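Below you'll find the structure, written out as structure tokens, and then a few comments.
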Amino acid sequence: MRRLVAVVSGVTLLAGCSQTAEPHDDLQVTDNLTIAVPATSPATSKPVGTVIPLAKKITGLVTVPQARTIALATADPELLLLSLDDPGAPARSVTMPGPVTAMSALPDGVLASVGISKMLFTVTLPDATLTAMQFDSAPGTAVASGDLELIPLTDAKAIEVLRGGGGPKRISGSMFRADQVLMTGQHAVVLDRLRTALFDIDLVDGKIGAGQRAGQGAGNATTDRYGRVLVTDTRGGALLAFTTNPVMLKQRYPVPGTPYGIAYDPNRDLAWVTLTERNEVVGYHVAGGEPRETHRFATVVQPNSVTVDPDSGRVFVASATGGGVQVMQP
């Protein structure tokens, strides 16, 4: 049976509002907003590929191809660094002042947020040297491009803009939270998980632009080489594709199984999505008119996070319950 993909041409915008009041959302279906979370996975699984035993609970992982490194955030206050070329080799440990709550890759390192300390760390590889920045709110998933760095401040509902040689600039707007910033070329967007919406960031005028609903409960997001933002609709069971400037929903593809983690392989145009309800990861080819499933693998228990090495195409899935890190070669 063929699956259907919705191609959306209209836009349902979430208008901005006065910064002296909470944003009003005409599409809000409940007054008790909660962030979408992964499903509690089945207790057993038969993962394919190789599983690297790690007793720690992994809360996130990213690949840094230039440094040939996988960075894993653990529930303990540390980062674990594995070799992309030999993931089974002993991991290096980087002690952090608290649990890493968000992480993104740099060309030569990692941006790691420690929410409890309201700090963002730049971890430069391969030496794993740390540089810290202090904020007045917990930073979310930041992004850097050239001399530009964008840091979402979750509870402050703002974006801190840092540009090389200049002072910081803060942008705020009609968000309930600022969780994850993403860049597609010269355009930037911010994901608000509580409002489950995606907003354009106007870097020229220094304001948050119009936004659009991101499903019933957005989980995680990434970008692809076509300038789109791909979002897992965890609560709604779908893979969403947005264009930016302005942000506009273009595709909604059904993905049963409580999709949560997502990673993109630009060399193969594959979006890898973890299904936490089923202990599976699925690869979708996203270069055509609609996503096309090309791979489906059984994973470790509670596969909340996934990353991919674009050079080799190997996929890494981490267990959030101490089941280790799984390595697969599609």
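The values are calculated or read from the model by the stated rules, or taken from the named source; none is laboratory data. Keep in mind the model is a prediction, meaning the values are calculated, not measured. Don't worry about glycine lacking a Cβ; one is built from the backbone with ideal geometry, like all the others, and counts go over all protein chains shown. Areas reflect the complete protein model, heavy atoms only, side chains present, ligands, DNA and RNA absent. Shrake-Rupley method; radii C 1.70, N 1.55, O 1.52, S 1.80 Å.
Note down the nm distance, to one decimal, between modelled labels 7 Å out along Cα→Cβ at residue 40 and at residue 147.
It works out to 5.2 nm between the two label points.
For residue 246, what is the net charge nearby, where nearby means another residue's Cβ is under 11 Å from its Cβ and Lys, Arg count +1, Asp, Glu -1? Spell out each step's value before the answer.
On the way: positive: none; negative: 200, 202.
Here the charged neighbours net out to -2.
Take the alpha carbon atoms of the stretch 47-68, find their center, do the same for the stretch 118-148, and report the distance between the two centers in whole angstrom.
21 Å
Please report the carbon-and-sulfur percent of the accessible area for the chain; probe 1.4 Å, protein heavy atoms only, DNA, RNA and ligands left out.
Details: 7190 of 13820 Å².
C and S atoms contribute 52 percent here.
Could you estimate the translational diffusion coefficient of the stretch 259-304 from the Stokes-Einstein equation, with Rh from the Kirkwood formula over C-alpha pairs, at 25 °C and 0.890 mPa s, in whole µm²/s? Please report the intermediate quantities before stating the final value.
Numbers: Rh = 10.6 Å.
Using the Kirkwood radius from Cα pairs, D works out to 231 µm²/s.
Under unit Cβ charges (Lys, Arg +1; Asp, Glu -1), what dipole magnitude, rounded to 20 debye, does the stretch 274-328 have relative to its Cα centre?
On the way: 4 positive and 6 negative charges, 19 e Å.
Around 100 debye, computed over the stretch 274-328.
Once the whole set of protein chains is in place, how much accessible area is left on residue 86, using a 1.4 Å probe, in Å² to the nearest 10?
80 Å²
Of 118/250; 118/207; 57/118; 157/250; 207/250, which sit over 30 Å apart, Cα to Cα? Could you put the intermediate results ahead of the total?
Values: 118/250 35 Å; 118/207 23 Å; 57/118 22 Å; 157/250 26 Å; 207/250 24 Å.
Violating the 30 Å limit, Cα to Cα: 118/250.
Give me the distance in nm between label points sitting 7 Å out from Cα along the Cα-to-Cβ direction at residue 66 and residue 136, one decimal.
Reported label-point gap for residue 66 and residue 136 is 3.3 nm.
For 225, 163, give me the order by solvent-accessible area with a 1.4 Å probe, most accessible first, ignoring ligands, DNA and RNA. Show your work: numbers first, answer last.
On the way: 225 145, 163 110 Å².
From most exposed to least exposed: 225, 163.
Where Lys and Arg each count +1 and Asp and Glu each count -1, what net charge lies around residue 69 among other residues with Cβ under 13 Å from its Cβ?
Values: positive: 68, 92; negative: 85, 86, 108, 127, 309, 311.
So the surrounding residues net to -4.
Of the listed values (i) 52; (ii) 15; (iii) 22, grab the one calculated as percent of Cα pairs over 35 Å apart from the structure here.
Among (i) 52; (ii) 15; (iii) 22, the one calculated here is (ii).
Could you please report the charge total around residue 223, scoring K, R as +1 and D, E as -1 over all other residues with beta-carbon less than 13 angstrom from its beta-carbon? Each step should come with its number before you reach the end.
On the way: positive: 225, 228; negative: 224, 265, 269.
Combined, the nearby Lys, Arg, Asp and Glu give -1.
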